[in-house]
Structures are given as C-alpha cells and as structure tokens.
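Worksheet: one structure, shown below.
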Amino acid sequence: MDYRSFPLKGLGFIMVSLLLITIITIAQDSSEDGHEFMKDPNRCQECHLGKPVFGETDYRDLKFTDYIVSLCHRCHTKESLGRSHPVNITPSEDMEIPEDLHLDEYMNMTCATCHKPHGDPYTTLKPTDYESPVREFDVRTYRSYYLRRTNIQNALCYACHKR
Ligand code: HEC
Ligand code: HEC
Ligand code: HEC
Ligand code: HEC
C-alpha cells in the first residue's frame, strides 16, 4: 500500500482523533445522570404505588410509598443538603402557587415542588446566577439541578414570594 495515499496520517490523523475523543466525551457526559436509576422499570415501586406511565400519568394521579421528602432523604440526607428550603409545609391561603411548582396530595410543599426528579440532568438554561457551563460548543450546557424553573436573579423564589 502506498503510504502517501493513506488518508489518516499526520495532521489528518490528529484531527480525526480529536473529533472522536470529543464525540466520546460528549456521549459520556450526557449519560451522567444521577437519576438514571429512576428509569429502571424494576425500581418504580420503590417510590410509586400503582403503575404510572411517562407521558400519560398526570402528577395529580400519583400515589407514593412514602412522603416525597422522605423518598429524597433516602439518598440526599439533611446533612448533605446543608441549607435548603423548608418542606412538608402547607402554604398559607394568600400565597399563590404556580401550576408548575405544585404541591403534593396533602397540599404540602416538597422537594418535587422545585425539582423535577425525572427531569434532564443537563439544560441550556442557566439554572442559577453563579453556575458555569459544563460544556461550551455551539450551545452552552449547564447542570440543571433538575429545577422546574431557572433561579436566575431568584426568579424561582419570586414565583411564590412576592417582592
Ligand atoms: C426515587 C423515587 C422515584 C422513582 C424510583 C421513580 N419515580 Fe416517578 N416520580 C417520583 C417523584 C417524586 C415524582 C414527582 C411528583 C410530582 O411532580 O409531584 C415522580 C413523577 C413521575 C411521573 C409524573 C410525570 C413526571 O415526569 O413528573 C411519572 C409518569 C412517573 N414518575 C413514572 C415513574 C416510572 C415509570 C418509574 C420507573 C421506571 C418511576 N417513576 C420511578 C419519584 C420516583
Ligand atoms: C437512590 C438515590 C437517590 C434518590 C432516592 C434521589 N436521588 Fe437525587 N441524585 C442521586 C444521585 C446519585 C445524584 C447525582 C449527583 C450526586 O451524587 O449528588 C442525584 C442528583 C440530584 C440533584 C442534582 C444535584 C447536582 O449536584 O447536580 C438534585 C437536585 C436531586 N438529585 C434531587 C432529588 C430529589 C428532589 C429527590 C426525591 C424526589 C431525589 N433526588 C432522590 C441519587 C438519588
Ligand atoms: C424552594 C425551592 C426548592 C426546594 C423546596 C428544594 N430545593 Fe433543592 N435546590 C433548589 C435550588 C434553586 C437549587 C440550586 C442550587 C442552589 O441554589 O443551591 C437546589 C439544589 C439542590 C441540590 C444540589 C446542590 C446541593 O445542595 O447538594 C440538591 C441535591 C437538592 N437541591 C435536593 C433537594 C431536596 C432533596 C429537597 C427536599 C428536601 C429540595 N432540594 C428542596 C431549590 C429547592
Ligand atoms: C412553591 C412556592 C415557593 C417557592 C418557589 C419558594 N418558596 Fe420560600 N416559602 C414558601 C412557603 C409556603 C414558606 C413558608 C412560610 C410562608 O407560608 O410564608 C416559605 C418560606 C421561606 C423562608 C422562611 C424560612 C423559615 O425557616 O421560616 C425563606 C427564607 C424562603 N422561603 C426562601 C425562599 C427562597 C430563597 C426561594 C428560592 C430558592 C424560595 N423561598 C422559593 C414557598 C415557596
């Protein structure tokens, strides 16, 4: 074989290698989902009663094996969370709760009021003011914190707390 006709030599080889490494890194990156286990059909019943179906079952029809907050505390202990928001509280009548930041069946605020546990781990919306992107190619990508809304300039907080 004529060495000079081999397409992947010198700079070409380096470029192709870099491209491959980039693709592999992106692929690995986007599979880093701490909540991947929540997609395992054998594990739904750890949290859910009945058989909810993605894209069909409305959150209002969900029943849980325990309080949502206790389900989260199984892995995210109070100690590990540091300062968090009060949960298992019923907001007073005069506080308007937006539909997307909903309460649980007991009308209590839970972790799932602000977080979407089944959400995407990454987002193109900056989640908080201080957060820096995990990737910068054509679109910036941030960790989502599974937030239901971005909290830039405390927008999430002001959704319930009037200024
Ligand atoms: C660690 C606990 C946990 C596991 C495991 C889990 N879920 Fe959930 N799921 C939740 C919580 C918490 C919510 C949010 C409830 C809310 O919005 O009020 C939820 C919401 C849902 C919803 C409503 C739509 C949505 O995305 O918010 C569906 C449907 C659902 N789960 C199906 C499943 C299925 C199917 C499995 C297994 C493949 C599963 N869940 C595993 C905790 C869990
Ligand atoms: C079986 C263990 C487990 C349970 C139960 C669980 N999580 Fe997680 N969660 C993880 C892991 C693992 C990660 C990946 C990052 C880490 O290690 O903190 C994660 C990440 C997160 C993150 C993003 C943290 C970050 O630094 O990016 C949030 C927010 C979160 N979980 C909220 C919740 C909420 C709300 C619940 C309850 C509905 C819940 N989790 C239940 C294991 C769990
Ligand atoms: C009022 C909204 C709100 C509620 C309620 C809430 N969080 Fe969060 N959480 C946030 C925001 C906003 C962030 C983003 C980072 C920050 O500002 O600290 C966050 C960050 C996190 C993180 C990643 C950073 C860290 O501290 O490890 C985890 C894990 C987490 N929340 C879990 C929970 C769990 C579990 C509960 C319920 C006990 C809960 N959150 C209740 C708004 C909330
Ligand atoms: C879904 C509605 C909702 C959202 C979103 C929300 N809060 Fe709250 N917050 C409440 C409720 C309900 C209380 C309980 C007291 C009350 O009824 O006013 C409360 C209480 C508080 C308190 C008093 C805590 C205490 O120990 O008495 C602080 C501080 C607070 N919130 C900060 C925040 C911050 C910061 C954010 C954004 C990360 C936020 N809140 C987002 C509903 C909300």
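Accessible area per residue, 1.4 Å probe, Å², for region 102-142: what's the number?
Accessible surface, normalised per residue, equals 60 Å².
How far apart, in nm, are two points set 7 Å out from the Cα along the Cα-to-Cβ line at residue 53 and at residue 36?
2.7
Could you work out Rg/(2.2 N^0.38 Å) for region 41-163, with Rg from alpha carbons only?
1.15
Rounded to the nearest percent, how much of the accessible area of region 29-158 (1.4 Å probe, protein heavy atoms only) is carbon and sulfur?
Numbers: 4830 of 9190 Å².
About 53 percent, which is the carbon plus sulfur part of the accessible surface.
How long is the gain from residue 44 to residue 97 if the chain were fully straight, where each residue apart is worth 0.36 nm and the alpha carbon distance is subtracted?
In short, 16.3 nm is gained.
Quick one: net charge of residue 66's neighbours, Cβ under 13 Å, K/R +1, D/E -1?
Residues near residue 66 contribute -1 overall.
If you keep only loop residues by DSSP, which trypsin sites (Lys or Arg not before Pro) in region 64-155 have at most 13 other Cβ atoms within 10 Å of their Cβ?
74, 83
Restricting the calculation to Cα positions, tell me the Rg (one decimal) and the Dmax (whole number) of region 77-133 in Å.
13.6, 39
Could you give the length gained on full extension between residue 155 and residue 135, defined as 0.36 nm per residue of separation minus the Cα-Cα distance, in nm?
Additional length available on full extension: 4.8 nm.
What is the sum of charges around residue 147, taking Lys and Arg as +1, Asp and Glu as -1, for the other residues whose C-beta is under 12 Å from the C-beta of residue 147?
+2
The values are calculated or read from the model by the stated rules, or taken from the named source; none is laboratory data. The model shown is predicted, which means the values in this text are computed figures rather than measured ones. Cβ: placed from backbone, ideal geometry, glycine included. Neighbour counts: every protein chain shown. Quick note on the areas: whole protein, heavy atoms, side chains included, nothing else; ligands and nucleic acids left out. Shrake-Rupley method; radii C 1.70, N 1.55, O 1.52, S 1.80 Å.
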